[in-house]
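Take a look at the structure below.
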Amino acid sequence: MNLNQIINMIVRQVTRRLVNKGVDAGIDMASRRGKSRDEMTNEERARADSQSRQGKDMAKRARKARRVTRKLF
């Protein structure tokens with residue numbers, strides 16, 4: 001491996017982590033409908049947590065489906 005390949009590998013890993021954190025933050029924000037946790041009632045907080053969990057589960061299933069599709073084609 002040359003230095004360029006090593007640098008590209010590190011940059012890809014860092015970029016992937018940042019994008020994943022951004023996606024998770026976006027899912028959380030969408031499930032809370034823009035409110036902070038302090039502004040929510042207990043019912044809203046529980047609903048936001050369950051919606052956030054569902055969104056993350058759907059994203060996880062989509063990633064798995066993408067991997068399976070890649071293997072097939």
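The values are calculated or read from the model by the stated rules, or taken from the named source; none is laboratory data. Computed from a predicted structure; not experimentally measured. Note that each Cβ is placed from the backbone with ideal geometry, even for glycine, and that neighbours are counted across all protein chains shown.
Give ASP28, ASP57, ASP38 a once-over and let me know the one that is surrounded by 11 or more Cβ atoms within 10 Å (Cβ to Cβ) and either part of a helix (DSSP H, G or I) or over 17 Å from the mean Cα position of the chain (by Cα) (or both).
ASP28
Just name the residue that is modelled with the lowest pLDDT out of those in the stretch 41-54 that are under 13 Å from the mean Cα position of the chain (by Cα) and polar (S, T, N, Q).
Looking only at the stretch 41-54, we keep the residues that are under 13 Å from the mean Cα position of the chain (by Cα), and these are 52-54.
Now drop any that are not polar (S, T, N, Q), which leaves 52, 54.
Values: SER52: 78, GLN54: 86.
Taking the candidates together, the pick is SER52.
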